[in-house]
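Down below is the structure, laid out as structure tokens.
The values are calculated or read from the model by the stated rules, or taken from the named source; none is laboratory data. Only a predicted model underlies this, so the values are computations on that prediction, with no experimental measurement involved. All Cβ positions, even for glycine, are placed from backbone atoms using ideal geometry, and neighbour counts span all protein chains on display. Areas reflect the complete protein model, heavy atoms only, side chains present, ligands, DNA and RNA absent. Shrake-Rupley method; radii C 1.70, N 1.55, O 1.52, S 1.80 Å.
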Amino acid sequence: MRRVQVEIPEILPEIHGHRGARGLRPENTLPGMAFTLELGVHAIEFDVALSADRRLVLTHDLTVSAVTGADTAPLVEGDPDFPYVGKPIRSLSLAQLRTLDVGVRRPKSAKDRYAATQAPVPGARMPTLGAVLGLASAYGADDVRMHVEIKSDPTRPDLSGDPRELTELVVAELTRHGRLDGAAILSFDWRVLRAAEHLVSRRYALVEKATIDPAWLGLDPRAFDGDLAAAAASIGATTLSPDRVLVDDDLVARAGKAGLPLTVWTVNDPEEAARLLDLGVAGIVTDYPDRMREVWARRGLPLPPAVVAPRPERP
């Protein structure tokens, strides 16, 4: 009997832009997303939360950050919510959030590691998820995946709301823009991944030391003998996405046994990226996609194509 050899396609590692390209342009902004698309990535990652009027907005923090946001003026004279910096995102309307300037990084100290490399874009406003998806469509960036991290903190339900509702709202917006097939849902709150299991094909289980806890994972990691990959597979994750400091030979082996690719964050040092690629990770999440493109080029790996900015229509 003739044996037929089946070739298993090689999985090529990917470059994922973190919050756009946080090291180069203001995070979670339209100018940052446009810059990242033009630079060239396989996937662009950003964070979303829900405003008081149930709009999905891009923000990493569940309260308005004094580092990435600044008050300009109240929405209306005498607004009791003003100033907005420091207030919970879910307590403010989209219109209030849109008064913030999120295009200039305001470091709390001179040691801010991004202050020297991030080009400011004064006047940039906090965008909605729909605006970002519209931008990607305007660029024709059909091959760039949208990686939506749903910000949900199970230890602070007063700030983050219901994870299932958030997930369903995100999925509905992705569907409305025709982006669901080219999207992934990411979260440290693994309840989000459970809610997304039958809604989105790509589900990334984020994890760091602080969230290896039943409150975040919705399970006791001790039941898996500390095997994070097995734990993530048990809740239907399709990728394990750990903090870089957690990644070693053992985790790579466990992920392989569980059938989960590893996508590691946040990797900004080219030498570390090279080491992780040698370990066999499937993706690198980075604040500096330009640096990772140089690593890919040196290794002869296929580079994600840069997306050409759309030309403005002539009057």
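Annotations for the structure displayed:
- A residue that is part of a strand (DSSP E or B) and at pLDDT 95 or above cannot be found anywhere in the range 25-42.
- If only residues of the range 29-43 that are closer than 18 Å to residue 290 by Cα and in contact with a Leu (Cβ under 7 Å, 6 or more places away or on another chain) are counted, the one that is surrounded by the most Cβ atoms within 10 Å (Cβ to Cβ) is 33.
- Condition check for residue 95: loosely packed, with under 15 Cβ neighbours inside 10 Å, touching a residue at least 12 places away in the same chain (Cβ under 8 Å) and in a loop (DSSP other than H, G, I, E, B): no
- Test: residue in the range 104-116 that is under 29 Å from residue 185 (Cβ atoms), assigned to a loop (DSSP other than H, G, I, E, B) and either free of Cβ contacts under 8 Å to residues at least 12 places away in the same chain or of a type outside the set (Ser, Thr, Tyr) (or both): yes
- Test result for residue 52, modelled with pLDDT of 95 or more, open to solvent by less than 30 Å² (accessible area, probe 1.4 Å) and in contact with a Lys or Arg (Cβ under 8 Å, 6 or more places away or on another chain): no
- So residue 241, is it polar (S, T, N, Q), within 14 Å of the chain's Cα centre (by Cα) and at pLDDT 95 or above: yes
- Output for the range 255-268, where each listed residue is open to solvent by less than 30 Å² (accessible area, probe 1.4 Å) and in a helix (DSSP H, G or I): 255
- Candidates 295, 252, 247, 308, filtered to the one that is within 30 Å of residue 31 (Cα to Cα) and modelled with pLDDT of 95 or more: 295
- Within this structure, residue 271 fails the test of being outside any loop (DSSP other than H, G, I, E, B) and either surrounded by 15 or more Cβ atoms within 10 Å (Cβ to Cβ) or in contact (Cβ under 8 Å) with a residue 12 or more places away in the chain (or both).
- Some residue of the range 123-135 being free of Cβ contacts under 8 Å to residues at least 60 places away in the same chain and touching a Pro at 6+ places or on another chain (Cβ under 8 Å): no
- Odd one out for residue 192, checked against (1) more than 17 Å from residue 286 (Cα to Cα); (2) under 16 Å from the mean Cα position of the chain (by Cα); (3) part of a loop (DSSP other than H, G, I, E, B); (4) not charged (D, E, K, R): (3)
- Note on the range 145-160: residues that are in contact with a helix residue (DSSP H, G or I) (Cβ under 6 Å, 6 or more places away or on another chain) and either assigned to a loop (DSSP other than H, G, I, E, B) or at positive phi (or both) total 4.
- The listed residue being surrounded by 15 or more Cβ atoms within 10 Å (Cβ to Cβ), among the charged types (D, E, K, R) and farther than 27 Å from residue 40 by Cβ, out of 162, 158, 153: 153
- Qualifying residue in the range 11-22 (condition: at pLDDT 95 or above and more than 26 Å from residue 262 (Cβ to Cβ)): no
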